[in-house]
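Notes for the one structure printed next.
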């Protein structure tokens with residue numbers, strides 16, 4: 001054994017059996033051993049801790065010996081096995097490194113061989129790869145421009161190109177259904193007129209189904225896809241031009257509007273729908289415009305209510321009594337019955353345009369009137385002693401017009417620019433005689449009007465063709481009454497008038513009552529309104545019993561219906 005070799009030693013089995021090594025132990029300070037507890041659990045903890053401390057010291061010693069390359073030995077088998085494994089660790093690690101290094105070399109060798117092979121194959125097949133890529137690109141390019149489609153012909157004329165024959169058949173069935181529904185009868189397209197040819201064609205030549213449907217419909221010529229104007233769900237007209245009806249309605253509204261217009265709307269429900277209509281119902285746009293400006297036949301009626309009079313009904317509807325009577329011939333205007341229905345209009349416009357405008361204007365401000373009683377004037381008569389003057393006001397108003405006629409006006413503001421001047425009048429208190437005129441006329445009798453004022457065809461060649469009054473047909477002997485109070489200026493026979501009564505009403509008006517059978521008043525007699533002046537007959541130039549009634553103002557004959565209620 002060499003001089004540096006140290007004598008091995010065995011590890012002790014327990015601290016009491018530990019053998020002394022050749023090296024002298026380093027001097028240690030003696031520690032006072034702790035006293036062992038007297039209780040059982042304390043003794044167990046004390047002995048366990050003592051063993052743990054001893055095992056820790058032994059482990060630290062083994063590590064120090066290994067670091068100093070002094071390999072410990074032991075006679076105990078488990079410890080010998082562990083020491084053997086500890087000694088084999090360096091050789092095992094070295095063997096593992098050799099295995100990993102060999103595998104890496106094999107992998108690098110395989111990679112280099114594949115690279116060489118790939119380079120050779122790349123050179124051999126570059127032309128094949130390039131050719132395949134070009135072929136694939138050509139196929140993709142061809143399919144992007146071309147597709148398989150169906151060309152549809154009708155009676156030998158090409159109508160369009162669709163994606164498939166089934167699509168064309170679908171359009172055909174839809175059009176047959178639309179045509180049947182529009183015409184109200186079953187319709188089928190002749191199979192011999194339709195031809196289909198499938199093949200390659202440009203994608204851009206493929207048409208939409210709706211376009212082909214319109215072309216086929218135009219070719220058949222029975223129905224047409226059109227834009228229809230509906231007013232209150234009633235179709236007014238149809239045109240094939242998109243946007244034309246909207247433009248027409250816009251022009252109608254612009255024509256009724258100006259810079260002061262707030263709103264311009266149709267009172268009716270106006271709607272434009274796209275649908276199929278019979279080709280014969282397609283209209284020119286100018287005709288549709290003319291139709292909207294015109295009126296349609298539709299009676300406007302009024303039911304007579306309690307308290308209504310003929311003149312009141314006419315005035316409420318902006319008509320004269322004669323105009324109302326012309327629309328309702330044969331009515332007894334003095335004896336209206338509650339519940340009777342009168343015709344007010346025979347036509348109404350297709351569209352009712354309601355326009356709201358803001359208007360600014362100068363308006364008259366009404367003046368006040370102050371009265372002073374006077375015993376020199378009859379009751380109901382007035383005399384102006386100091387004339388009044390209207391003031392002026394700057395007015396801002398909102399006005400509503402329906403088809404050009406004002407129906408409502410709301411004053412928004414009014415600024416008085418000039419104050420009005422009060423008017424002063426004398427008011428009569430003297431009792432008026434019953435024969436004094438009232439200024440209004442009543443019907444001389446009740447009956448049917450057999451002849452109106454103005455030009456006429458003379459019945460039986462008798463009488464004037466320029467009728468200066470109206471004829472009221474009544475039975476012979478029917479009482480004839482004064483239309484208003486006045487003085488009788490004629491009572492007797494007058495040529496073609498037969499027995500005639502003439503009354504001067506003292507206000508420029510004169511009334512005549514002709515063709516009477518007898519007279520009940522004399523010249524110079526004062527009569528009151530409603531007093532009997534004659535009995536009806538057929539004297540003079542007459543073809544039947546009636547009363548000829550005239551109204552003259554300053555000697556000029558006027559239409560009596562303009563003065564009667």
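Nothing in this text is a laboratory measurement; each read-out follows from the coordinates by a stated rule. Quantities reported herein were computed from a predicted structural model and do not represent experimental measurements. Neighbour counts are summed over all protein chains in view; Cβ atoms, including those assigned to glycine, are modelled from backbone coordinates with ideal geometry.
Once the C-beta distance of residue 92 and residue 113 is scaled by a Förster radius of 45 Å, the resulting FRET efficiency is 0.90 to the nearest 0.05.
At full extension, residue 247 and residue 431 could sit 59.3 nm farther apart than now, given 0.36 nm per residue minus the alpha carbon distance.
Between the Cα long axis of helix 40-67 and the first principal axis of the chain there is an angle of about 70°, rounded to the nearest 10. Against the chain, whose longest principal axis is taken from its Cα atoms, helix 77-145 shows a tilt of about 40°.
Across all directions, the shadow cast by the convex hull of the chain built on its C-alpha atoms averages 85.6 square nanometres. Relative to its residue count, segment 227-294 spans a Cα convex hull of 93 Å³ per residue.
Let me have the 222 nm mean residue ellipticity of the chain computed from DSSP H runs of 4+ only, each contributing -39500 (n - 2.57), with the sum over all residues rounded to the nearest 500. Write down the numbers at each step before the final one.
On the way: 8 runs with 163 residues, N = 565.
Helices in the chain give a 222 nm mean residue ellipticity of -10000 deg cm²/dmol.
In terms of the mean number of neighbouring beta-carbon atoms within 10 Å, the peptides 508-520, 324-336 order highest first as 508-520, 324-336. The packing ranking, built from the mean of other Cβ atoms within 10 Å per residue, places the peptides 274-280, 105-111 in the order 274-280, 105-111, highest first. Between residue 202 and residue 48, the contour length at 0.36 nm per residue exceeds the alpha carbon distance by 45.7 nm. A crude spin-label estimate for the pair residue 100 and residue 369, with each label 7 Å from Cα along the Cβ direction, gives 12.8 nm. Relative to the 2.2 N^0.38 Å rule of thumb, segment 356-430 has a C-alpha radius of gyration ratio of 1.59. Counting neighbouring beta carbons within 10 Å and listing from fewest to most, the residues 152, 415 come out as 415, 152.
If packing is taken as the average number of other Cβ atoms within 10 Å across a peptide's residues, how do 248-257, 360-369 rank, most packed first?
Values: 248-257: 14.2, 360-369: 12.4.
Put in order of decreasing packing, that is 248-257, 360-369.
The ranking of 310, 41 by Cβ neighbour count inside 10 Å, starting from the fewest, reads 41, 310.
For segment 413-431, the residues whose amide N sits under 18 Å from a probe point set 7 Å from the Cα of residue 394 along the beta carbon direction are 413-420.
Fewest neighbouring Cβ atoms within 10 Å first, the residues 134, 264 line up as 134, 264.
Applying Stokes-Einstein at 37 °C and 0.692 mPa s to the Kirkwood radius of segment 448-562, computed over alpha-carbon pairs, gives a translational diffusion coefficient of 237 µm² s⁻¹.
Relative to the dominant Cα principal axis of the chain, helix 244-255 is inclined by about 50°.
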